[in-house]
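What follows is a single structure, written as structure tokens, with notes after it.
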């Protein structure tokens with residue numbers, strides 16, 4: 001027990017903290033900042049797509065100042081567009097969403113929800129945050145590298161990465177190795193914590209679903225990230241020591257033989273190593289959000305989650321299957337029909353457990369007394385948004401349809417539906433939901449509504465048109481947004497399949513929706529900082545009336561988390577059961593949870609039940 | 001300060017009943033699982049590239065098998081002494097632990113020293129590709145061998161007189177050289193390991209080993225007749241790229257183990273007086289890591305040296 005509460009200096013308290021909650025918040029703020037950087041890159045790209053060949057307004061001069069030649073005259077040249085595209089993907093996935101759902105939420109909540117005083121290895125935890133921060137800074141520094149940052153996509157496919165002579169790609173590799181190491185240490189910490197530090201009575205069947213999702217996520221990171229690390233090492237040796245792991249014999253690019261840097265390698269090798277991470281990574285992006293949504297659901301429908309065992313079984317199945325589906329990202333390489341049959345089968349099979357989770361959540365709503373709080377709005381929206389993302393993915397599971405759709409905007413729309421209104425909405429919901437525990441204050445509901453409705457409408461106006469554009473045949477990597485292939489281009493007159501003005505006009509709609517989406521984040525940013533200092537104070541330690549252990553701590557939880565040793569007596573979501581017993585005798589007013597609890601915290605001894613509800 | 005915090009976290013030293021583990025041990029096993037995937041990725045890359053290599057392009061017999069074998073023994077010995085040192089600590093005998101760990105450190109450092117000797121040998125060992133290929137008959141490394149894979153071979157491989165590591169054709173030209181004198185190897189790497197062994201046996205039975213002497217005669221080649229020249233470094237071929245990447249990553253792990261063991265042996269040994277059980281656990285966990293590093297080498301050695 002840390003009974004002697006000696007004051008720690010600023011550095012020890014906020015920068016080099018060993019407390020999992022501080023580290024979680026560090027992760028949260030850092031990763032949200034990276035998401036913001038990714039958003040800005042995206043805005044620039046979308047503006048250029050809608051206005052090909054024009055200089056970027058307002059920030060054009062700044063761009064030219066920072067990026068030099070690729071941003072000549074304040075325009076986003078195709079090269080700069082490639083850089084922004086590569087960095088948008090890399091930053092959003094590796095520096096934004098993953099650290100947000102795993103580093104921030106995982107660190108803050110997992111020890112609290114299992115009744116542990118901290119993570120199993122606090123120093124390792126601190127170290128992994130700092131590695132992540134430095135990896136991120138190296139990635140950002142690559143913008144200032146001569147020739148600009150990486151420009152071969154977030155997937156860094158080799159013939160391109162090796163042919164581009166600038167240093168940006170080397171920065172990318174080094175940053176990735178640092179970030180991967182950070183993720184590995186983090187995942188070791190989470191798994192050990194869940195296995196070793198569960199409070200007495202916290203059996204596997206009583207774990208909140210969120211802890212299960214983080215547990216599976218940690219295993220995915222632990223086992224699928226190292227092959228990418230080995231790929232990054234090989235690419236590093238290629239670039240620095242002149243090896244040729246990924247460059248085939250007799251490669252000729254634009255008429256120039258690449259004999260100096262080429263021979264004996266295989267670009268496919270990189271794709272295998274990359275996607276062996278890449279696909280489990282998709283589930284890293286969605287599992288923890290599913291967990292967040294489940295926590296918010298249980299609390300706001302005031303009844304136990306329907307099908308908890310099926311959901312746990314499903315995510316374990318997802319965990320296993322996600323390791324054997326990777327080559328569906330590589331149908332375009334022209335693989336043999338036997339191999340492609342295997343990966344088509346596993347890919348379609350993995351959609352079953354995902355659907356089970358979604359179905360359980362949907363059925364949980366049945367008969368609930370749903371409270372439409374701000375977190376619940378985000379959580380409930382996750383279902384249809386994730387649904388669109390998931391269902392539009394099914395054609396991509398089959399080689400024949402994938403071949404047509406893969407390089408079109410359709411696939412951009414598909415996975416952004418999963419990650420933006422899916423994962424990000426769950427994350428926003430989670431922030432609104434746990435904010436009172438972390439700060440002792442509520443976030444403003446009005447601003448929350450503005451944020452929610454604005455984001456919902458804008459995200460759909462951004463991503464749905466992409467599905468339409470993709471089906472109309474618009475390619476996904478064109479810096480002019482397809483203008484060259486549109487009917488507006490005189491040389492395309494009478495060409496079947498040339499992009500119509502309606503399809504091209506969607507680019508403008510998307511660009512303005514992006515601007516609106518950014519504006520609708522302002523209420524959130526303001527709300528977040530304003531509420532820390534001036535939000536409405538929470539009335540007690542458990543303002544939402546929740547069963548899980550993080551709400552049974554002082555607010556905000558002190559170092560060591562729990563005031564007294566925790567013992568767990570119940571399942572994770574014992575809502576309404578007790579209330580039903582009371583309901584049989586008298587008819588209490590709905591919603592007045594403050595004086596008549598309709599929930600039983602996990603650490604409430606079972607014997608107390610009889611006191612509250614005499615049979 | 002950290003002391004009081006650590007006590008708040010359960011199972012740092014004592015074993016949790018239902019898992020039978022303390023935190024550090026589980027953490028190390030998980031770390032090793034990720035390491036298996038890391039080296040697994042690299043081994044898979046090796047298999048992938050080797051299966052895809054053109055016939056005759058995968059070199060054989062360029063690594064020093066006796067030295068590699070000796071190094072394997074050195075590393076296995078160190079694994080043994082780590083286990084012995086842990087046992088000594090369990091029995092409360094710090095002095096014996098110390099002696100065994102000194103042997104471990106000596107073995108680990110010795111391994112790296114031998115490895116760097118091997119590395120240096122490769123850095124100064126050159127392959128020279130000629131513009132006009134040599135017929136098998138006039139090639140010093142293939143002469144007299146019926147099973148040569150090609151009638152003509154474009155390269156000679158061996159040590160070059162008076163040339164240091166990492167030179168290229170361009171750097172030699174820049175230095176003003178006009179020709180080099182190469183001492184070709186006894187065999188050309190285009191012979192498979194089996195063919196090389198066959199040839200060695202044949203020579204031993206017929207001539208009593210005189211072939212070795214002729215292979216050391218220098219061969220002078222003008223730079224103008226050379227198409228490419230490379231030391232046996234990652235740039236040389238996919239095989240050497242694999243060799244250096246895998247063994248260097250392994251050597252980094254060995255170095256990490258040395259740092260950990262040395263830290264525990266000297267500055268970290270204070271813990272033995274205060275918390276002997278926790279200190280013993282640290283040796284056990286570091287030992288697990290060391291055995292893994294050892295195991296990786298046991299896979300690396302046959303894969304790179306023998307196959």
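The distance from the alpha carbon centre of the stretch B:229-283 to that of the stretch B:42-92 is 14 Å, rounded to a whole number.
Taking Cα atoms only, the orientation of helix A:78-90 departs from the longest principal axis of chain A by about 20 degrees.
Only Cα pairs under 8 Å and 6+ residues apart enter the sum, and on that basis the relative contact order of chain A stands at 14 percent.
Decide, for the stretch A:425-519, between rounded, prolate and oblate: order the square roots of the alpha carbon gyration tensor eigenvalues as a ≥ b ≥ c, take rounded if a/c falls under 1.5, and otherwise choose prolate if a/b is larger than b/c, else oblate. Don't skip to the answer; put the middle values down first.
Values: a/c = 4.37, a/b = 3.65, b/c = 1.20.
Prolate.
Reported value for the stretch A:257-298: 66 Å³ per residue, from the convex hull of its C-alpha atoms. The ellipsoid that matches the Cα gyration tensor of the stretch A:262-411 has semi-axes, each √(5λ) in whole angstrom, of 35, 15, 14, with the longest given first.
Based on other C-beta atoms within 10 Å, arrange B:233, A:349 from fewest to most.
A:349, B:233
Taking every residue in B:234-243 and counting other chain Cβ atoms within 10 Å of its Cβ, the average works out to 5. Between the helical axis of A:105-114 and the longest alpha-carbon principal axis of chain A there is an angle of about 30 degrees. Residues B:174, A:550, A:54, arranged from fewest to most other Cβ atoms within 10 angstrom of their Cβ, appear as B:174, A:54, A:550. Averaged over peptide A:237-249, the number of partner chain Cβ atoms lying within 10 Å of each residue's Cβ comes to 5.
Just the C-alpha atoms of the stretch A:81-226: what Rg/Rh do they give, with Rh taken as the Kirkwood radius?
1.08
The angle between the Cα long axis of helix B:23-52 and the longest principal axis of the Cα atoms of chain B comes to about 10 degrees, rounded to the nearest 10. The mean number of Cβ atoms from other chains found within 10 Å of a Cβ in peptide A:224-230 is 6, as a whole number. All Cα-Cα distances of the stretch A:320-537, cut into 10 Å bins from zero to the largest, leave 8, 26, 28, 23, 12, 3, 0 percent in each bin in turn.
For the protein assembly as shown, what proportion of DSSP beta bridges, expressed in % and rounded to the nearest 5, is antiparallel? Can you show the working numbers first?
Working: 25 of 27 bridges.
So the antiparallel bridges in the protein assembly as shown amount to around 95 percent.
First check a/c for the stretch A:21-147, with a ≥ b ≥ c the square roots of the eigenvalues of its C-alpha gyration tensor; if it is under 1.5, answer rounded, and if not, answer prolate when a/b is larger than b/c or oblate otherwise.
Cα axes put the stretch A:21-147 in the prolate bin.
Kirkwood hydrodynamic radius, computed over distinct alpha-carbon pairs, for the protein assembly as shown: how many Å, to one decimal? That comes to 30.9 Å for the protein assembly as shown.
Protection proxy ranking of B:217-224, A:60-67, A:306-313, by the mean of other Cβ atoms within 10 Å over each peptide's residues and highest first, is A:306-313, A:60-67, B:217-224. The Cα-based radius of gyration and maximum Cα-Cα distance (Dmax) for the stretch B:55-100 are 18.1, 59 Å. For chain B, the gyration tensor built on C-alpha atoms gives a prolate shape. Its axis ratio a/c (a ≥ b ≥ c) is at least 1.5, and a/b is the larger of a/b and b/c.
Kindly put A:354, A:77, B:78, A:337 in sequence by how many other C-beta atoms sit within 10 Å of each C-beta, fewest to most. Before the final figure, lay out each step's value.
On the way: A:354 21, A:77 16, B:78 28, A:337 9.
So the ranking, lowest neighbour count to highest, is A:337, A:77, A:354, B:78.
Kirkwood hydrodynamic radius of the stretch A:17-265, from the reciprocal of the average inverse Cα-Cα distance over all distinct pairs: 19.7 Å.
Throughout, read-outs are computed from the coordinates displayed, never taken from laboratory work. Fair warning: this is a prediction, and the values are worked out from it, not measured in the lab. For neighbour counting, all protein chains shown are included, and Cβ atoms are generated from backbone atoms with ideal geometry for every residue, glycine included.
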